[in-house]
Every structure is written in C-alpha cells, then in structure tokens.
1. Full-extension gain between residue 138 and residue 235, please, as 0.36 nm times their residue separation minus the C-alpha to C-alpha distance.
2. Pop out the Kirkwood hydrodynamic radius of segment 118-342 from its pairwise C-alpha distances, inverse of mean 1/r, in Å to one decimal.
3. Could you list the residues of segment 308-337 with an amide nitrogen less than 18 Å from a label point located 7 Å from the Cα of residue 66 in the Cα-to-C-beta direction?
4. Taking R0 as 41 Å, what FRET efficiency do you get between residue 40 and residue 242 from their Cβ-Cβ distance, rounded to the nearest 0.05?
5. Calculated FRET efficiency, residue 320 and residue 169, Cβ-Cβ r, R0 22 Å, to nearest 0.05?
6. What is the spin-label model distance, in nm, from residue 226 to residue 205 if the labels are put 7 Å beyond Cα along the C-beta direction?
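All of the numbers you see were taken from the coordinates with simple rules; none came from a lab. All values reported here derive from a predicted model rather than from experimental measurement. Ideal geometry is used to build each Cβ from the backbone, glycine not excepted, and the neighbour counts take in all protein chains shown.
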C-alpha cells in the first residue's frame, strides 16, 4: 500500500496564505485612479450645478449650492485559502487541489456643505473687485472675455445688460484695449497707500509705436481721461471722481449668472406662460449679444459640454461652441475671486484601508 506525504500539501497551503496576505494593502496605483476619477466627477458635478442654477434663476427659482466638503473612501480586503490531497489515479493524476478566494470592497462617503449665510454673501452677492478684473487680464485672460463678462460699466460706458445692447463706445473700448493687450502694452501696478493699496492701470507710453500711441490716446478719449499721462487709478463706482480715475462697476456672481440666463433658448410655451424673467430687450436692440448660448430641448443631447434637466426639458451648452464653453469655464474660475476673507477648506479625500 502506498502512502502520501503531507509535506507538499502543507507547503502549498502556506504559500497560498502568504500570497493572500501579501495583497492586503492599497496599491499605489489606486492614488492615481482615485484622484483622476473623483476629480473628474467633482468637476462635472460643479459644471452641472452651476448651469442648473443659471437656469433656475432665469425661471425665478431658488438657486441651491452644495460644496463637496470631504470624500472618505474606505477599502476592505478579505481572503481565504484551502489545500487538499487525494490519492492519484489513472483517471485523475492530480494529487493536490489548491483553492484561493479574495474579496474587495469600496465604500466611499461624501459630505456636502450648503452655501449660505456669510459665505453666500461673499461668494455670490459681492462684486468682483475691480483690481481683480485687471489682474485677470494681466494674467493672460483676454480683454474681450474679461470686460464683456465681469464689467457692468466703466467710466459710464455700459456693457450688455438684461437684454439691452452695449454702448457702442464700450465695444470700441474693448476692441482697442484688446489690440493693446496683444502687443504686451497693457499693465497694472499696485501702489501702497495709507489704509491699503491702490491699483493703477498702465497704458503705452509716448515712446511706443505710433499705432500703440494712437490706441492709448483713443482709450483716454473714450474714458474721458484728462492729461497726457499713461497711468490711471482704478476705483469702484459708476462715474470717476477726477480725470485721472477709471471708475468701474463690476458684477457679482449672482448678477453674472442672471446675465447668462438671457442666453437660454427658453421653450416658447414657457415664454408665453410667463414662467421666465422677462428681459428689457427691444426690437431695435440688435446689438445685444448673449454671453453664452444655452440650448434647450425635450431630450438629452448626444454631445454636450454640460447638460441638465429642468421642468421636463434639457438645457445644455454644445461641446463645439468654444466661445460659450470658455465663458462658462471663466464663470467657474470667478467663484474663487468673488470670495473675500478666509474661505472654507478645500475638499479633503481620505483613503483608509482595512
């Protein structure tokens, strides 16, 4: 009678247990996966929340903002191994049977913080500081995008607003400043003053090219600036206090979102029923240009940059509409500039394992 040694069985069982125990840890690759996946989801939800609130405001509905406070992602591992031995036979020459089993679970927990109280006031009701407007342009954002989006008026020249076209001189000012910016001739300087600091806009000097000098002179004429200087102080207000000041009324985030609502293609039935905020757009106001073009339809779009359902319809921005996408993305960036003081902590992603 043949006997079978159990040493190989013990050896294989031990190896199986060791193999399982060596896997009970979070692999480094999970960091890349989690960061990319959660980052993408947060970005998409931020876009959808903002677009939905733009639509809700245009329907005179209450906007709701929820910030992602934290993401806690917990991984758990479990496993077992088994080994057995059988007498060999001609039908089954295998002597040993080895089995392993492992389970993996992922349980994320997300917390949300509603935007209200002081944070709501700072984020949505306070205008973007005029100094930040020129800092955006200094940082590389185009004059055309920044001024047409953020500025309500500058030295009395009015931008597009609630369906009314802009002052032609405002459009000329934007075009002229855009040419100066493309040549690198537009700058700002921050000067310390008693009780704070002052921001000064710097236009091309007298030693610049003739084209730049002419554009600089035209900017001063449009803004009603006096003297032959090239530096003018920026202030918040409707009209300047002197001939050397640039007074600017900038929009708050809530005002900007309301303005974006006038680019929505509202269903005709909703307009006739009086469900949306009416604009002051006149038949002869052909100069009005919406900041974004937000389409609507009965079904979800096949290819959209962002899309949301509301009241039985879908509203979206086409992925091929680069101008509307750029303005909407710029709106998201402006949320951080609208806050003053200490802002809330950024979302924290915690990944424990057990």
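1. On the way: separation 97, 0.36 × 97 = 34.92 nm, distance 1.71 nm.
Contour length minus the Cα-Cα distance gives 33.2 nm.
2. Values: mean 1/r = 0.0524 Å⁻¹.
When all Cα pairs of segment 118-342 are included, the Kirkwood radius is 19.1 Å.
3. 308-311
4. On the way: r = 50 Å, r/R0 = 1.23.
After rounding, the FRET efficiency stands at 0.25.
5. On the way: r = 33 Å, r/R0 = 1.49.
According to the calculation, E is roughly 0.10.
6. Label-label distance for residue 226 and residue 205, simple model: 2.5 nm.
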